[in-house]
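Asks: Following this message is one structure expressed as structure tokens.
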Amino acid sequence: MAGYATLARYALWAALIIACTWFVWHMASTIHDNIFNDGRAAERAEWLEKDKDRIEEQAKALGEAMDRVAKQNERNITKTMEVVDERDKALAKLKNDMRTMRTNTRGMWISAKACDDSGHSSLSGRNDDSRESGGADQIRLPGDVERRLQEIGELAGETVIKYNACANKLRSVAKVVPNK
């Protein structure tokens, strides 16, 4: 039995050594983790403080940029509305001028010589030198031809007005190269 007592004693000592080792290891790792986590928390707080300053600077810069963009948008909207109003006035004036021209003229006339030169033999023989509309040397254009010519003239005027409006609108955004 004496052998078992020694063996039990050694087992108790081994258990005590293992328990002490575990206790020391646990304490050391807890202390290490706490020191590490405290250091990490301190670094994180420092980083967050620096990052907070950076974020505040970025927010301030972003706010200023947004103010500049809003002012530029306001200027662009104002300029666009001015250009659109100017274009609308020019189109209204063109339509009014075309309407006035239609009511004040007695139609569109072409010289008989131009018709003779074009090979229309049915219109030849008019040689009066009068230069007035409806004179003997002039022939009135048919109504559909007259209407199409007026539409072409009006469309050409609208195209010029719209081109100028587009050039004025884009002038603040891009360099407009004039036609040569």
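Just so you know, all these numbers are worked out from the coordinates, no wet-lab data involved. Since the structure is predicted, the reported quantities are computational estimates derived from the model, not experimental observations. Here Cβ is always computed from backbone atoms with ideal geometry, including for glycine, and neighbour counts include all displayed protein chains.
Asks: Would you tally the net charge around Gly63, using a Cβ to Cβ cut-off of less than 12 Å, leaving Gly63 out, and scoring K and R as +1, D and E as -1?
Replies: Local net charge: -2.
Asks: Between Ile18, Leu141, Leu48, whose Cα lies farthest towards the positive end of the dipole of the chain when Lys and Arg beta carbons carry +1 and Asp and Glu beta carbons carry -1, centred on the Cα centre?
Replies: Projecting each Cα onto the dipole axis, the largest value belongs to Leu141.
Asks: Rounded to the nearest 10 degrees, what's the angle between the helix 2-104 long axis and the longest principal axis of the chain, both from Cα atoms, 0 to 90?
Replies: With both axes taken from Cα atoms, the answer is about 10 degrees.
Asks: While we're looking at this one, here's another question. Of the listed values (1) 27.1; (2) 19.3; (3) 18.9, identify the label whose number matches Kirkwood radius over Cα pairs in Å calculated from this model.
Replies: Read-out from the structure maps to (1).
Asks: A further question on this structure: Between Asn96 and Asp67, how high is the FRET efficiency from 1/(1 + (r/R0)^6) when r is the Cβ-Cβ distance and R₀ = 45 Å? Nearest 0.05.
Replies: The value I calculate is 0.55.
Asks: A follow-up question, please. Quick check on the chain: helices-only [θ] at 222 nm, where DSSP H runs of length 4 and up contribute -39,500 (n - 2.57) each and the sum goes over total residues. Nearest 500, please.
Replies: Only helices count here, giving -28500 deg cm²/dmol.
Asks: For Lys71, which lysines qualify as cross-link partners when the Cα separation must be under 18 Å and same-chain residues fewer than eight apart are set aside?
Replies: Once the sequence-local lysines are set aside, what remains near Lys71 is Lys60, Lys79, Lys169.
Asks: Ok, one more. Count the net charge of all other residues whose Cβ sits under 9 Å from the Cβ of Ser172, scoring Lys and Arg as +1 and Asp and Glu as -1.
Replies: For residues surrounding Ser172, the net value is +4.
Asks: Would you mind checking which residues have amide H under 5 Å from Gln138's amide H? H placed 1.01 Å from N; only 5 or more apart, or other chain.
Replies: For Gln138, the qualifying residues are Ala112.
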